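Read through the structure below, which is laid out as structure tokens, and then see the notes.
The values are calculated or read from the model by the stated rules, or taken from the named source; none is laboratory data. None of the values given here were measured: they were computed from a predicted structure. All Cβ positions, even for glycine, are placed from backbone atoms using ideal geometry, and neighbour counts span all protein chains on display.
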Amino acid sequence: MRDGFSGLDDRIADSLKQEAAEKENLKQLLEQQRELTDSRKHEREIALDRMAHYDFTKWAHTRGQKVITRLYVALALTLGALMIFFLLETVANMPRFGAADTPGSNIVTRRYIERGLQETGAVNIVAGMILDYRAFDTLGESTVLFIAACAVLILLRIDKDSQGMPVMEQIAEDADDRHHEPKNDRILQASAKLLTPVVLLFGVYVILNGHLSPGGGFSGGAIISAGLILYLNAFGFEKSGRFFRYETFKWVSFCSLLFYGLAKTYSFYCGANRLESGIPLGVPGAILSSGLIMPLNIAVGMVVACTMYIFYALFRKGGL
Amino acid sequence: MLQMLYENLEQTVAVILFGIGFGILLLQRNLIRKIIGLNIMDTAVYLFLASMGYIHGRKAPIVVDGVTDTARYINPIPAGLVLTGIVVSVSFTAIMLALTIRLYRRYRTLDIDQIALLAKAEGD
């Protein structure tokens, strides 16, 4: 028994020692970071100094800058005023606001309103339009969002180095995050505990009722991501990391887009070859109706929620 | 002309907002303010599109009691177009902000003229 306990003591001592060593290591890294910033500042001063020797900047800093700036402002204001004037002239010649016989209300609109319910099964005509008649467009939109998230990920993500140790930039960002963001704010945590489930539930409601009432994948996804961001703000990255990592983002977005693409490929194939798709439209107004629109709304909502959340995480700290 | 502009008040406001956004885009040197200007222009376009679809005395295009009469609902197409616009605007705002962050990390300034000069001085 005693041996066991003394072994345990040793282990505790070891772990304490390790912790102290890690702290020392972190201190050194921060010191190096500071030196790096100093040297970069110095480089910048040199660059500014060199800039002052250029003739074009000398001229630009004295008379030239004033002349060109004034000319530019005058030109910009004229251009803006001219543009507003011509656009106002156009607006004055447009059909009156709220008139029933505008050129926009043409045969396409009539078709969507008169046949939409029967052909798509969706009570919400806009949902039927964007997820059935124009579903290809919506697939493109979700893809644009996904690609934007990937681009921001490439630009802002701070990765660990080859040995798996955090790099300077990440340590600086962590310190910055600790300094500027709330840590263990009681009021925020209490209100997040109350609000997060409600917000998430409301988002799910908006997505699932997309074909019955105003709303749908995009708005519902934005509401869900707002709830997730509230949770992240209150409880920090460690707790939110338990359910949302890069893998979550990757797989959820990939599966949603793949499902969307396959589902729409199937219905385009059937439509083009005049085959029966075999997807029941259901009773209009029921929750399980209007064929593929509800699953497609869910897929879009997933992509939007993940994308918004990852935007926030990347802009705040450069990672999850 | 003024009478017509007053009758098309929504479109007039949208056009003026568009001009303000354009002015901000041209006159501000701060990158973040330029992005805000571009977003104001986007918002003006949404307002314009949404106002084009509205018809006096009609309801939102959600079928009530199975009545599919064109005289009862407003035009649903602009709503779909605005949705597309919002999604694209969110995407490119995010990319522009990310690029701005990278520029700020490198040059420690948001002034576009200074960034251009610093980049030139660094180049040779």
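Report yes if A:I154 is more than 23 Å from the chain's Cα centre (by Cα), exposed (fewer than 13 other Cβ atoms within 10 Å of the Cβ) and in a helix (DSSP H, G or I), otherwise no. Taking the combined requirement at face value, the residue does not satisfy it. The number of residues in the range A:143-157 that are in contact (Cβ under 8 Å) with a residue 40 or more places away in the chain, among the β-branched types (V, I, T) and more than 7 Å from every other protein chain (Cβ to nearest Cβ) comes to 1. Considering only the range B:113-123, state which residues are closer than 13 Å to B:L31 by Cβ and crowded, with 16+ Cβ neighbours inside 10 Å. The answer is B:I115, and nothing else.
Pairs meeting the criteria (first residue in the range A:258-282 and in contact (Cβ under 8 Å) with a residue 12 or more places away in the chain and at positive phi, second residue part of a loop (DSSP other than H, G, I, E, B) and not hydroxyl-bearing (S, T, Y), beta carbons under 8 Å, at least 6 apart or on different chains) are A:G282/A:G121; A:G282/A:L288; A:G282/A:G291. In the range B:11-123, counting only helices (runs of 4 or more DSSP H) that sit wholly within it, the ones holding 1 or more residues that are more than 10 Å from chain A (Cβ to nearest Cβ), closer than 25 Å to A:L87 by Cβ and of a type in the set (D, E, K, R) span B:31-53.
Would you call A:D132 within 9 Å of chain B (Cβ to nearest Cβ) and over 17 Å from the mean Cα position of the chain (by Cα)? Spelling it out, it is not the case that A:D132 is within 9 Å of chain B (Cβ to nearest Cβ) and over 17 Å from the mean Cα position of the chain (by Cα).
Checking every residue in the range A:226-239 against the condition of being in a loop (DSSP other than H, G, I, E, B) and either within 16 Å of A:V300 (Cβ to Cβ) or in contact with a helix residue (DSSP H, G or I) (Cβ under 9 Å, 6 or more places away or on another chain) (or both) gives zero matches. Considering only residues that are facing another protein chain (nearest Cβ under 7 Å), in a helix (DSSP H, G or I) and over 16 Å from B:G66 (Cα atoms), which ones fall in the range A:102-126? Of everything in the range A:102-126, those that are facing another protein chain (nearest Cβ under 7 Å), in a helix (DSSP H, G or I) and over 16 Å from B:G66 (Cα atoms) turn out to be A:V108, A:T109. Residues of the range A:8-53 that are at pLDDT 85 or above and acidic (D, E): A:E24, A:E31, A:E35, A:D38.
Going by the structure shown, is A:I187 away from chain B (no Cβ under 11 Å) and more than 24 Å from the chain's Cα centre (by Cα)? Judged against the criteria, A:I187 is a match.
Residues that are in contact with a Leu (Cβ under 9 Å, 6 or more places away or on another chain), at pLDDT 85 or above and not aliphatic (A, V, I, L, M) do occur in the range A:198-213, at least one of them. Considering every residue within the range A:236-251, establish whether at least one is at pLDDT 90 or above and within 30 Å of A:L156 (Cα to Cα). For the range A:236-251, residues at pLDDT 90 or above and within 30 Å of A:L156 (Cα to Cα): present.
Against the definition (without any contact (Cβ under 8 Å) to a residue 40 or more places away in the chain and of a type in the set (G, A, S)), how does A:G140 come out, yes or no? Here the answer is yes, as A:G140 does meet what is asked. Filtering the range A:72-101 to residues that are outside any helix (DSSP H, G or I) and under 27 Å from B:G21 (Cβ atoms) leaves A:N93, A:M94, A:P95, A:R96, A:F97, A:G98. If the condition is being surrounded by fewer than 17 Cβ atoms within 10 Å (Cβ to Cβ) and among the charged types (D, E, K, R), then the range A:265-320 contributes A:R274, A:E276.
Only one of (1) within 13 Å of chain B (Cβ to nearest Cβ); (2) within 22 Å of A:G216 (Cα to Cα) is not met by A:F254, so which one is it? Failing condition for A:F254: (1).
Within the range A:163-183, can you find the residues that are surrounded by fewer than 14 Cβ atoms within 10 Å (Cβ to Cβ) and polar (S, T, N, Q)? Passing the criteria: only A:Q163.
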